[in-house]
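I have placed the structure first, in the form of structure tokens, so that the comments after it can refer back to it.
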Amino acid sequence: MQEQKLYEYAVIRLVPKPEREEFFNVGLILFSKRAKYIAVRIHLCEDKFRAIHSQLDYDDVKRHLESFVSIAKGEKSAGSIAQLDIPERFRWLTAVKSSIIQTSRPHPGASPDLDKTFERLFEELVL
């Protein structure tokens, strides 16, 4: 039997008007400290985006969402936050924000296969 790996995940949300607290899910972050694992994927449906808020610039929002991926991967081009260790990057990405890009509170779990768990959660919560 494979060893269960503890993980945390958070859903990335687009909140076009934070004062209204309406959002839709656009991505997922999954992190495991012991496994030294972090994964992020973004899916911004342009039709849904335009239907909910046509005044925002789609390409600008997409670029900001892609910065989550760059930070999680630790890319040097993503700045000093991306150079932190994996747990600190996860905590920074999931910190409470009042911007149009927010995350849910982190949720815990355990899995023998973090990649499969990430795929399942992404399909269930984002797609």
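The values are calculated or read from the model by the stated rules, or taken from the named source; none is laboratory data. Model, not experiment: these values are computed from the prediction. Don't worry about glycine lacking a Cβ; one is built from the backbone with ideal geometry, like all the others, and counts go over all protein chains shown.
Numbers at a glance
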| item | result |
| --- | --- |
| Restricting segment 101-119 to residues that are of a type in the set (G, A, S) and surrounded by 15 or more Cβ atoms within 10 Å (Cβ to Cβ), the residue that is nearest to K62 (Cα to Cα) | S104 |
| Which listed residue is under 11 Å from the mean Cα position of the chain (by Cα) and not hydroxyl-bearing (S, T, Y), from V11, V61 | V11 |
| Matching entry among I71, I38, I29, I12 (being outside any loop (DSSP other than H, G, I, E, B), modelled with pLDDT of 95 or more and touching an Asp or Glu at 6+ places or on another chain (Cβ under 9 Å)) | I29 |
| Residue match in segment 91-100 (condition: at pLDDT below 95 and either charged (D, E, K, R) or in a strand (DSSP E or B) (or both)) | yes |
| Contacts under 6 angstrom Cβ, first residue in segment 3-29 being under 16 Å from K48 (Cβ atoms) and among the polar types (S, T, N, Q), partner in a loop (DSSP other than H, G, I, E, B) and modelled with pLDDT of 95 or more, 6 or more apart | N25/V126 |
| Segment 51-74, subset in contact with a helix residue (DSSP H, G or I) (Cβ under 7 Å, 6 or more places away or on another chain) and either farther than 13 Å from I101 by Cβ or hydroxyl-bearing (S, T, Y) (or both), residue surrounded by the fewest Cβ atoms within 10 Å (Cβ to Cβ) | Y58 |
| Pairs, first free of Cβ contacts under 8 Å to residues at least 12 places away in the same chain in segment 73-89, second part of a loop (DSSP other than H, G, I, E, B) and surrounded by fewer than 13 Cβ atoms within 10 Å (Cβ to Cβ), C-beta under 9 Å, six or more apart | D85/K36 |
